[in-house]
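A quick write-up on the structure given underneath.
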Amino acid sequence: MVPSAIVTLAVLPLTPNGKLDRNALPAPELASTSGYAAPRGQTETILASIFADVLGLDRVGIHDDFFAIGGHSLLATQVVARAQQELNVQLALRALFEASTVAGLAARLNSSTEIKVSPLLPASRQQPLPLSHGQERLWFVEQLGLSNGGYNVSAAVRLTGKLDVDALSAALSEVVRRHESLRTRFAGRGDSAVQLIDPPWPVVLSPEAVATEDAARQRLVALMQQPFDLAQDRLLRVALLQLSPDMHVLALSIHHIVSDGWSMGVLVGEIETLYAAFCAGRPSPLPELPIQYADYAVWQRRWLEETALQRQLEYWTVQLAGAPGSIELATDRPRPAVPSFRGAVHRLTVDQACTA
């Protein structure tokens, strides 16, 4: 709620009916806060360029305060993201609030108070491929046998009109080829696991005839709740349900260890693009992927083990000193050692007048 600039005007511009004409207000002239000083060295040059680009200014001096020349918290996130990418550092958002000039932020980075991040590059497939930390957590839960399909990520797309099943099968096969995650299994090795990437496999769709919407819904629920064996199964399941000659439902079920909600949007978008191309007899318009998720997992492990893990551990050890070893939450009844997953669904209909 604090304005980033205050501009004095002799008179406020008004519309013909006497209201404030906001579009006619002049843009603030955000001058240097301390006189222009040119960047010194590569880090300051890059940061000054990022500041100026994000703020829409011709140039920014190294002593100009980011928040005094038009910056705010939303723009600060852009600066931090750009700095991380262009300088290969792990930079916290608060760093810009604590050192809000180019000179101050550069000095902070050059003094190694921020963690240096090595570039993310393709990793050799001739070595055992580790799991990312997020994947390892999911793998551990699956070893306990408690998820019961709870980590399945699913999507169902209704397809209306004449369907080219061969083109759709080819689109899905190409997506599987492009993304190693969709053909990755996870085999136990000691206390953890490794990623096993299978060769591309063809997706062959055979439409399943279903008589009613309810039958289709039951089939979808069964597909989406079917558990995966992370070591043996393909972690992508596909079904094509046919309600009529011109009405189909494409159902996808993927384990969360290789996908998430954002990934499903990417997956469906790629299927749409490839299907349109293959129906028209064109090749895939999608570029090859320079980085796969296994490359990220190797990078994450190496970065944490080399630089960040001990620092993070020491921080949280101090922060959590004296904290209780467990938290006993009040419950309405004793909880069993193994969750039953029993629950209930209550359905109701909201009338049209209310929804309107």
### Query
Using the Cα gyration tensor of segment 9-64, with a ≥ b ≥ c the square roots of its eigenvalues, what is the shape: rounded (a/c below 1.5), prolate (a/b larger than b/c) or oblate (neither)?
prolate
### Message
Can you give the longest run of the chain that contains no trypsin sites (Lys or Arg not before Pro) sitting in a DSSP loop with at most 15 other Cβ atoms inside 10 Å?
### Response
163-341
### Summary
With +1 on the Cβ of every Lys and Arg and -1 on the Cβ of every Asp and Glu, the dipole magnitude of segment 180-311 about its Cα centre, in debye rounded to the nearest 20, is 200 debye
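Fully extended, how many nm does the chain gain between Q232 and F140 (0.36 nm per residue separation, minus their Cα-Cα distance)? Each step should come with its number before you reach the end.
Values: separation 92, 0.36 × 92 = 33.12 nm, distance 1.59 nm.
Length gained between Q232 and F140: 31.5 nm.
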### Message
Using the basic label-point model (7 angstrom from Cα toward the beta carbon), what is the L304 to Q90 distance in nanometres?
### Response
0.9 nm
### Query
Which whole-number percentage describes the relative contact order of segment 32-116, with Cα contacts under 8 Å and a sequence gap of 6 or more?
31 percent
## Note on the structure
Output row, site L121, 7 Å Cα→C-beta label point, backbone N cut-off 20 Å, window segment 297-335, residues 297-308
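Rounded to the nearest 20 debye, what is the charge dipole size of the chain about its Cα centre when +1 sits on each Lys and Arg Cβ and -1 on each Asp and Glu Cβ?
Working: 29 positive and 35 negative charges, 75 e Å.
Taking the Cα centre of the chain as origin, the dipole is about 360 debye.
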### Task
Would you look at the GNM of the chain, springs on alpha carbons closer than 10 Å, and say which of G281, G150, G343 moves the most?
G343
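Pop the C-beta distance of S326 and V157 into the FRET formula with R0 = 51 Å and round what comes out to the nearest 0.05. Working shown, then result.
On the way: r = 44 Å, r/R0 = 0.86.
After rounding to 0.05, the efficiency reads 0.70.
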### Among G35, F97, H72 - extreme Cα towards positive end, dipole of segment 32-116, charges at beta-carbon
F97
### Query
Rounded to the nearest 500, what is the chain's calculated 222 nm mean residue ellipticity when only DSSP H runs of at least 4 contribute -39500 (n - 2.57) each, over all residues?
-11000 deg cm²/dmol
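What's the extension gain from N23 to D260 if we count 0.36 nm per residue and subtract their Cα-Cα distance? Don't jump to the answer; show the numbers that get you there.
Details: separation 237, 0.36 × 237 = 85.32 nm, distance 4.21 nm.
Stretched fully, the N23-D260 segment lengthens by 81.1 nm.
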### Message
Given the options L243, S118, P199, identify the residue whose Cα lies farthest towards the positive end of the charge dipole of segment 95-246 (+1 on Cβ of Lys, Arg; -1 on Cβ of Asp, Glu).
### Response
S118
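Treating the beta-carbon of each Lys and Arg as +1 and of each Asp and Glu as -1, no other charges, what is the dipole magnitude of segment 32-116 about its Cα centre, to the nearest 20 debye?
On the way: 6 positive and 8 negative charges, 34 e Å.
The calculated dipole for segment 32-116 is roughly 160 debye.
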### Message
Students often get this wrong: which residues of segment 274-299 have the backbone nitrogen under 16 Å from the point 7 angstrom along Cα-to-C-beta of D166?
### Response
275-283
### Task
Evaluate the distance, in nm, between pseudo-label points positioned 7 Å from the Cα of R217 and of R59 along their respective Cα→Cβ axes.
6.6 nm
### For segment 126-205: rounded, prolate or oblate by the Cα gyration tensor [a/c cutoff 1.5]
oblate
### Message
Sequence gap at least 6, Cα distance under 8 Å: using those rules, report the relative contact order of the chain to the nearest whole percent.
### Response
16 percent
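Would you mind finding the longest exposed-site-free stretch of the chain, with exposed GluC sites (Glu not before Pro) meaning DSSP loop and at most 11 other Cβ atoms within 10 Å?
Working: sites that count: E29, E288, E328.
With GluC sites (Glu not before Pro) excluded where exposed in loops, the chain gives 30-287 as its longest stretch.
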### Task
For segment 239-289 and segment 182-196, write down the distance between their C-alpha centroids in whole Å.
26 Å
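Based on the alpha-carbon gyration tensor of segment 21-133 and its eigenvalue square roots a ≥ b ≥ c, which shape applies: rounded if a/c is under 1.5, prolate if not and a/b is larger than b/c, or oblate? The partial results should precede the final answer.
Numbers: a/c = 2.76, a/b = 1.94, b/c = 1.43.
Prolate.
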### Message
Springs between alpha-carbon pairs under 10 angstrom, Gaussian network model over the chain: which of T317, T15, T160 fluctuates most?
### Response
T15
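Since every read-out is calculated from the coordinates, none of them should be taken as a lab result. Just so it is clear, the model here is predicted, and its values are computed rather than measured. All Cβ positions, even for glycine, are placed from backbone atoms using ideal geometry, and neighbour counts span all protein chains on display.
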